[in-house]
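Asker: Input: one structure, supplied below.
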Amino acid sequence: MDRRAWLSLIVLASIWGASYMFIKIGLRDLSAPVIAWARIGLAALVLVPLAASQGALRAVRGRIGTLAVLAAAQVAGPFLLIALGEHAISSALAGILVATAPIFTVVLAIWVDHEERAEGMRLVGIVLGIAGVVALFGVDLSGSGLAILGGFAVVLAGLGYAVGGLIVKHRFADSPPIGVAAWVMVASTILLTPAAAITAPSSTPALGPVAAVAVLGVLGTGIAFAIFYTLIRSVGPGRSLLVAYLAPAFAVVYGATLLGESVTATTVIGLLLIVAGSWLAAGGLAPTPVTSAQQEATPLRGSEAAAIPDSAPRQRGDGVRPGSRQRVSGR
């Protein structure tokens with residue numbers, strides 16, 4: 001990868017790693033459903049015009065029901081669960097626990113996708129990831145029942161990402177990912193509207209939480225997703241997924257330096273175990289160079305799709321149908 005690609009990768013990881021910090025700030029005055037609904041709605045405002053400019057909004061014809069299930073499993077449910085979890089745990093721990101998604105993908109594949117089944121180092125990755133989760137729950141989250149519930153909520157969000165990645169792989173493999181993502185955001189906004197309306201603030205929230213959620217939606221979800229697919233087009237899906245393993249480290253740094261969150265030795269150990277386990281479970285980074293022609297036709301596997309951080313829907317593909325000349329712009 002050249003300098004520009006590395007810079008884009010690091011910037012994207014820094015944006016996605018900040019998502020958990022913005023959620024924590026938003027929770028000062030806003031409910032978890034309102035935060036999830038607002039960030040998804042704002043992301044839809046970014047992604048729908050982008051998808052329309054690519055002619056990608058026809059991606060879900062005849063699959064509205066499947067799209068609704070995908071939206072619930074991959075965006076509406078996880079975004080809500082992460083915000084609920086951060087009521088009780090730090091933003092740093094949330095950023096680490098979300099990285100369990102590829103591990104869940106490989107476990108679920110035992111029943112639904114033999115291509116993703118655990119063998120060799122992927123099995124080692126599952127064991128490492130589980131060890132990291134056990135370490136965090138056994139030490140950092142052991143002081144409070146609410147903290148344990150919050151941790152489980154975030155881990156459950158990781159499970160939702162894994163389920164969503166498998167749905168995309170098997171039901172939307174022939175659709176432009178940017179189009180599927182745009183419709184998923186729209187459907188997720190609709191799904192969360194009742195909960196957001198019921199829990200809407202009774203008084204005007206402070207500027208800080210509102211600004212945090214606005215940045216979370218527009219930059220951390222909408223624009224970041226566009227940057228991610230631009231990266232896939234320039235360096236290939238395997239190298240782009242490095243962002244999934246850099247983002248949790250940024251989440252820890254932001255939480256410690258900007259929110260004053262405690263970072264223990266167990267936090268660092270759990271981070272290393274979960275990220276390493278997820279990397280191995282996802283099959284590791286492909287070592288062979290990828291040509292531009294291959295990039296246009298190389299899909300993300302289910303475990304690779306699930307490795308993408310929480311701010312972007314997991315799609316199987318690189319932003320275009322094989323053979324298409326449509327491009328995703330975001331820089």
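The values are calculated or read from the model by the stated rules, or taken from the named source; none is laboratory data. Keep in mind that what you see is a predicted model, and the values were worked out from it rather than measured. Cβ sites come from the backbone with ideal geometry, for glycine too, and all protein chains shown count toward neighbours.
Asker: May I ask you to list the residues in segment 230-246 that are closer than 16 Å to Ser14 by Cα and buried (at least 20 other Cβ atoms within 10 Å of the Cβ)?
Answerer: Leu231, Ser240, Leu241, Leu242, Val243, Ala244, Tyr245
Asker: Can you give me the ranges of the helices (runs of 4 or more DSSP H) entirely in segment 1-54 with at least 3 residues that are modelled with pLDDT under 95 and of a type outside the set (S, T, N, Q)?
Answerer: By residue number, 3-17, 32-53.
Asker: State whether one or more residues within segment 105-113 are surrounded by fewer than 22 Cβ atoms within 10 Å (Cβ to Cβ) and among the charged types (D, E, K, R).
Answerer: Scanning segment 105-113, I find at least one residue that is surrounded by fewer than 22 Cβ atoms within 10 Å (Cβ to Cβ) and among the charged types (D, E, K, R), so the answer is yes.
Asker: While we're looking at this one, here's another question. Does segment 56-74 contain at least one residue that is surrounded by fewer than 24 Cβ atoms within 10 Å (Cβ to Cβ) and closer than 27 Å to Ala206 by Cα?
Answerer: There is no residue in segment 56-74 that is surrounded by fewer than 24 Cβ atoms within 10 Å (Cβ to Cβ) and closer than 27 Å to Ala206 by Cα.
Asker: Right, something else. Pairs, please: C-beta under 8 Å, at least 6 apart or cross-chain, first residue more than 17 Å from Gly129 (Cα to Cα) and in segment 233-250, second modelled with pLDDT under 80 and charged (D, E, K, R)?
Answerer: Short answer, once both residue conditions are applied: Arg233/Glu296; Arg233/Asp318; Arg233/Arg327; Gly236/Asp318; Pro237/Glu304; Pro237/Asp318; Gly238/Glu304; Leu241/Glu304.
Asker: How many residues are in contact with a helix residue (DSSP H, G or I) (Cβ under 9 Å, 6 or more places away or on another chain), surrounded by fewer than 19 Cβ atoms within 10 Å (Cβ to Cβ) and in a helix (DSSP H, G or I) when one looks only at segment 247-264?
Answerer: Of the residues in that region, 3 qualify.
Asker: With the condition kept exactly as written, say whether any residue in segment 120-135 is at pLDDT 90 or above, touching a helix residue (DSSP H, G or I) at 6+ places or on another chain (Cβ under 7 Å), more than 18 Å from Ala162 (Cβ to Cβ) and surrounded by 20 or more Cβ atoms within 10 Å (Cβ to Cβ).
Answerer: No - not one qualifying residue is present in segment 120-135.
Asker: Which condition from (1) surrounded by 15 or more Cβ atoms within 10 Å (Cβ to Cβ); (2) in contact with a helix residue (DSSP H, G or I) (Cβ under 7 Å, 6 or more places away or on another chain) is the one that Ser175 breaks?
Answerer: Here Ser175 clears every test but (2).
Asker: Please count how many residues of segment 24-45 are crowded, with 18+ Cβ neighbours inside 10 Å and over 18 Å from the mean Cα position of the chain (by Cα).
Answerer: Residues flagged as crowded, with 18+ Cβ neighbours inside 10 Å and over 18 Å from the mean Cα position of the chain (by Cα) within segment 24-45 amount to 7.
Asker: Checking the structure you have, find out if any residue of segment 46-69 is within 20 Å of Lys169 (Cβ to Cβ), among the polar types (S, T, N, Q) and more than 17 Å from the chain's Cα centre (by Cα).
Answerer: Yes, segment 46-69 contains at least one residue that is within 20 Å of Lys169 (Cβ to Cβ), among the polar types (S, T, N, Q) and more than 17 Å from the chain's Cα centre (by Cα).
Asker: Among (1) at pLDDT 80 or above; (2) surrounded by fewer than 22 Cβ atoms within 10 Å (Cβ to Cβ); (3) farther than 18 Å from Phe22 by Cα; (4) more than 18 Å from the chain's Cα centre (by Cα), there is one condition Pro289 misses while meeting the rest; what is its number?
Answerer: (1) is the only condition that Pro289 fails.
Asker: Got a sec? Which of Ala83, Ala71, Ala94 is more than 26 Å from Ala147 (Cβ to Cβ), assigned to a helix (DSSP H, G or I) and either of a type in the set (Asp, Glu) or in contact (Cβ under 8 Å) with a residue 24 or more places away in the chain (or both)?
Answerer: None of the others qualify; the one that does is Ala71.
Asker: I've got another one for you. Which condition number in (1) surrounded by fewer than 21 Cβ atoms within 10 Å (Cβ to Cβ); (2) modelled with pLDDT under 95 is the one that Ala99 fails?
Answerer: Only one criterion in (1) surrounded by fewer than 21 Cβ atoms within 10 Å (Cβ to Cβ); (2) modelled with pLDDT under 95 is unmet by Ala99, namely (1).
Asker: Next question, about the same structure. Filter segment 136-152 for residues that are crowded, with 21+ Cβ neighbours inside 10 Å and at pLDDT 85 or above; which is farthest from Ala249 (Cα to Cα)?
Answerer: Taking the candidates together, the pick is Gly150.
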